[in-house]
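The block underneath contains the structure these notes are about, expressed in structure tokens.
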Amino acid sequence: MKIIKGFCFLAALAVAAACNQPAKQQDTAKTDTTAIKPAEAQVADTGNTSDVFKAYIALKDEFIKSDPAGIKTAATALEGKLSGIKGCSETAAVAHQISNAADIKAQREAFLVLSKDVIALVKGAKFKSAPIYVDFCPMADGGKGGYWLSSTKPIVNPYFPEHMKECGTVKEQIN
């Protein structure tokens, strides 16, 4: 019984650590988010992480449409979902930045940071879903590269949907 309690404690720490990423842009050329590995313990889904993932996908889809108003609405919804998870206040603040950004370029810059945090959160959680893909575009962020999550295998780039919609590769499959 003590082993199970210890396992649950470590798993909870992994989820909390996933959201406690600094809410600032990091050099993604040097930091490969696929290397961000949560503790080996898997976390039981409380439903919150699944809700965050669904809200994140809705936000990503708005970036693909290049609709600043839709992006603001989806970012506000994601902020609400992130606020429901202990330790995700900084990530929720990044979603808030997206909802308040003046233009789509600023929204996409904040999405780079948000994606890194949500990827870590999803990797640290265990919930039943269809495969989740971690995609990467080497051209995003001024050539430093950028990651995002997708629920489909074909690449649809949220950073360059007008000009390079299929730019990128699947780096990892979760689940």
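The values are calculated or read from the model by the stated rules, or taken from the named source; none is laboratory data. This one's a predicted model, so the numbers in the text were calculated from it and none came from an experiment. Glycine gets a Cβ as well: all are built from the backbone with ideal geometry, and neighbour counts include every protein chain shown. Keep in mind that these areas ignore ligands, DNA and RNA; they rest on the heavy atoms of the full protein, side chains included. Shrake-Rupley method; radii C 1.70, N 1.55, O 1.52, S 1.80 Å.
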Whole-percent carbon and sulfur share, accessible surface of region 84-173, 1.4 Å: 55
Approximate spin-label separation GLU166-THR73, in nm, with each point projected 7 Å along Cα-to-Cβ: 3.0
Label-point separation, ALA102 to SER151 (7 Å along Cα→Cβ), nm: 3.5
Chain lengthening between ALA130 and LYS65 when straightened (0.36 nm per residue, less Cα-Cα): 21.1 nm
